[in-house]
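One structure below.
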Amino acid sequence: MTQRRARLSIVIGLTLALTGVALAAPFAPNMQPFGNPSGVHRTYSTLGDVDLGGDFFLSLGTNGRRCSTCHVPGHGYGLGAAQARVLFDNTDGTHPLFRPHDGANSPLMDVSTVFARRQAYSMLLAKGVFRVGIGIPASAEFSLDAVDDPYGFASAQELSLFRRSLPATNLKFLTHVMWDGRQTFPGQTMTFNLGSQANGAHLGHAQARQPLTDEQRNEIVTFETSLFTAQASDRAAGNLTDGGANGGPMFLVDQPFRFRINSPLSSTFTPRVFTIFDAWQNATGTFGAARQSVWRGQELFNFRQFAFGTQQVTCSRCHNAFNAGSDSNAQFFNTGTAAANRRTPDMPLYTLRNTATGARQQTTDPGRALITGRWIDVGRFKIPTLRGLAPRAPYFHNGMAATLEDVVSFYDVRFNMGLTAQDRADLAAFLRAL
Ligand code: HEC
Ligand code: HEC
């Protein structure tokens, strides 16, 4: 693709991203291009063109919310924080995205004026995070010793946890549903888990009075599991399927996946998780330099070793699902994203006390521990899929990394990786091309 055509398709994509569903077309074309800060992404649905009259796109609750309010097709079925700011400005903060029970910093905040709404929804506007309320389980190994909530709401009955929406696409590669896995049930199928998740979202986010019918659950889950999203072209590297590369969503559809397909605990584990840019090692021509950078980023992701506690790991050891980057091993990890030393003044800080030992630790989000009640799980989160990242900044459960460069810097600093400026640029170029 020439630079000019690439730029033209970005313009078309941006236009579509802004108008999107508002056109109220009955169907959106399959593989519709959407512009994003570093190029264009597309979603392939195995069901064909996207039925905008489907339950995923309908307001089925009481507050005007749809699944697509927070899982926006033009944002890789996640929500870009930039999109939230545009919506706020266009509607003075009255769009259904802005609802106090889970959109505001506290459900009790004043939302009666535009000025008040700007304060009340400041976390959603700044980082695209929603307030998830979860209490400390009765059986927990810990209690809540102290709460420092800038919004004066959180308690042991309901901690305020500020979390990003996860993409409702590429669900084939999931082993856990939700950041803390709370919608993954032992012995149940992923279809059941996702149906339960959809119903929870319907009753919670959309404040519905009646649960979804089985038919509605099935329709939603059938739709969302038909979706495969990936970056399709990159401003610097061009079309991501050119020159023998296997980027873009089509190659994801047939990408094999199963539980423990590449478990780091098995003897067959390979760190060679991403292979889609193998052909770009010696790329030449207009995009040659940028393509080689993407290839080097892929190599760093797969093979660069660094210490995680007492273990030597690679990015690919945790993000081990082939060409998807989720975790086939279904584990939860504490990488320090919710640690007290990363806390910014807009976040609540919780002091937890181990009931047996009296030990204390502080965190902005106990994560998995609020589901299992286990002390060891404090600050642990599931590993999200790494495709279609470019359209849904910011990153991590709490949106603390504004860009993919910030994600790379976080890992570099946190784990003393010793990356050079070139390494960091290469890794970020690779992540942008996913
Ligand atoms: C108000 C915004 C909002 C609405 C509306 C919403 N979601 Fe979500 N969704 C979220 C957030 C936030 C999370 C992550 C919450 C967490 O992990 O604690 C999430 C997580 C998910 C996940 C988990 C993906 C994964 O990787 O684990 C799926 C699937 C999903 N939503 C589907 C839906 C469906 C289907 C609907 C409509 C019935 C819906 N959502 C409505 C905000 C929303
Ligand atoms: C010890 C396991 C582990 C290792 C090693 C690891 N990650 Fe992660 N990664 C995670 C977990 C857990 C999360 C979710 C953390 C959170 O959101 O708080 C995550 C989140 C991410 C995200 C954000 C995705 C999103 O949707 O917000 C990106 C991007 C990412 N990792 C890239 C990398 C890169 C690049 C490396 C190597 C430098 C790496 N990871 C190494 C476990 C790991």
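The values are calculated or read from the model by the stated rules, or taken from the named source; none is laboratory data. Computed from a prediction, not measured in an experiment: that's the story for all the values here. We place every Cβ from the backbone using ideal geometry, glycine too, and count neighbours over all the protein chains shown. Remember, those area values only see protein heavy atoms, side chains included, never the ligands or the DNA or RNA. Shrake-Rupley method; radii C 1.70, N 1.55, O 1.52, S 1.80 Å.
Does Val378 qualify as being closer than 29 Å to Thr229 by Cα and buried (at least 18 other Cβ atoms within 10 Å of the Cβ)?
no
Sort through Gln331, Gln362, Gln305 and tell me the only one that's within 18 Å of the chain's Cα centre (by Cα) and open to solvent by 60 Å² or more (accessible area, probe 1.4 Å).
Just a single option satisfies the conditions, and that option is Gln331.
Filtering segment 103-122 down to residues that are open to solvent by less than 20 Å² (accessible area, probe 1.4 Å) and either hydroxyl-bearing (Ser, Thr, Tyr) or in contact with a His (Cβ under 8 Å, 6 or more places away or on another chain) (or both), which residue is farthest from Gly204 (Cα to Cα)?
It comes out as Tyr121.
Of Arg118, Arg85, which residue is over 19 Å from Thr364 (Cβ atoms), basic (Lys, Arg), out of contact with any Pro (no Cβ under 9 Å at 6 or more places or on another chain) and within 16 Å of ligand 1 (Cβ to nearest atom)?
The conditions single out Arg85.
Could you run through segment 377-428 and say how many residues are assigned to a helix (DSSP H, G or I) and within 16 Å of ligand 1 (Cβ to nearest atom)?
3
Restricting attention to segment 51-86, report how many residues are more than 16 Å from ligand 2 (Cβ to nearest atom) and either among the charged types (D, E, K, R) or touching a residue at least 24 places away in the same chain (Cβ under 8 Å) (or both).
So the count comes out to 22.
Which numbered condition in (1) assigned to a strand (DSSP E or B); (2) without any contact (Cβ under 8 Å) to a residue 24 or more places away in the chain is the only one that Phe130 fails?
(2)
When you look at Thr351, is it out of contact with any Asp or Glu (no Cβ under 7 Å at 6 or more places or on another chain), of a type in the set (S, T, N, Q) and in the same structural domain as Val147 (by TED's automatic domain parsing), yes or no?
When the stated conditions are applied, Thr351 does not pass them.
Within the set of pairs 6 or more residues apart or between chains, which connect a residue that is within 23 Å of Arg164 (Cα to Cα) inside segment 399-427 to a residue that is within 16 Å of ligand 1 (Cβ to nearest atom) and in a helix (DSSP H, G or I) with Cβ atoms less than 9 Å apart?
Note: pairs meeting the criteria are Gly399/Ala81; Gly399/Met123; Gly399/Ala126; Gly399/Lys127; Met400/Lys127; Ala402/Ala81; Ala402/Lys127.
Please go through segment 367-376 and give me each residue that is more than 12 Å from ligand 1 (Cβ to nearest atom) and either outside any loop (DSSP other than H, G, I, E, B) or closer than 19 Å to Asp148 by Cβ (or both), ordered by number.
If the condition is that a residue be more than 12 Å from ligand 1 (Cβ to nearest atom) and either outside any loop (DSSP other than H, G, I, E, B) or closer than 19 Å to Asp148 by Cβ (or both), then Ala369, Thr372, Trp375, Ile376 are the ones that fit.
Inspect all residues belonging to segment 176-185 and state whether any of them is assigned to a loop (DSSP other than H, G, I, E, B), away from ligand 2 (no atom under 16 Å from the Cβ) and touching a Lys or Arg at 6+ places or on another chain (Cβ under 6 Å).
no
Given the criterion of a type in the set (Ser, Thr, Tyr), buried (at least 20 other Cβ atoms within 10 Å of the Cβ) and within 30 Å of Val253 (Cβ to Cβ), identify the matching residue among Thr184, Thr222, Thr213, Thr189.
Thr184
With respect to the numbered conditions (1) in contact with a Leu (Cβ under 7 Å, 6 or more places away or on another chain); (2) more than 10 Å from ligand 1 (Cβ to nearest atom); (3) closer than 29 Å to Leu125 by Cβ, which one is the sole condition not fulfilled by Phe27?
It fails just one condition, (3).
How many residues are within 16 Å of ligand 2 (Cβ to nearest atom) and open to solvent by 20 Å² or more (accessible area, probe 1.4 Å) if we restrict to segment 128-164?
2
Answer with yes or no whether Gly399 is within 11 Å of ligand 2 (Cβ to nearest atom), at pLDDT 95 or above, at positive phi and surrounded by 18 or more Cβ atoms within 10 Å (Cβ to Cβ).
Criteria met by Gly399.
Mind listing just one residue for me: the one in segment 253-286 that is small (Gly, Ala, Ser) and out of contact with any Ser or Thr (no Cβ under 9 Å at 6 or more places or on another chain) and, of those, surrounded by the fewest Cβ atoms within 10 Å (Cβ to Cβ)?
The residue in question is Ser267.
Could you tell me whether Gly93 is under 30 Å from Pro249 (Cβ atoms) and touching a helix residue (DSSP H, G or I) at 6+ places or on another chain (Cβ under 8 Å)?
Answer is no for this residue.
Could you figure out which of (1) hydrophobic (A, V, I, L, M, F, W, C); (2) surrounded by 17 or more Cβ atoms within 10 Å (Cβ to Cβ); (3) under 23 Å from the mean Cα position of the chain (by Cα); (4) outside any helix (DSSP H, G or I) isn't true of Leu125?
Exception for Leu125: condition (4).
Assess whether Pro37 counts as being touching a residue at least 24 places away in the same chain (Cβ under 8 Å), in contact with a Gly (Cβ under 8 Å, 6 or more places away or on another chain), open to solvent by 20 Å² or more (accessible area, probe 1.4 Å) and not β-branched (Val, Ile, Thr).
Against the criterion (touching a residue at least 24 places away in the same chain (Cβ under 8 Å), in contact with a Gly (Cβ under 8 Å, 6 or more places away or on another chain), open to solvent by 20 Å² or more (accessible area, probe 1.4 Å) and not β-branched (Val, Ile, Thr)), Pro37 does not qualify.
Within segment 334-349, which residues are more than 8 Å from ligand 2 (Cβ to nearest atom), in a loop (DSSP other than H, G, I, E, B) and open to solvent by less than 30 Å² (accessible area, probe 1.4 Å)?
Gly336, Met347, Pro348
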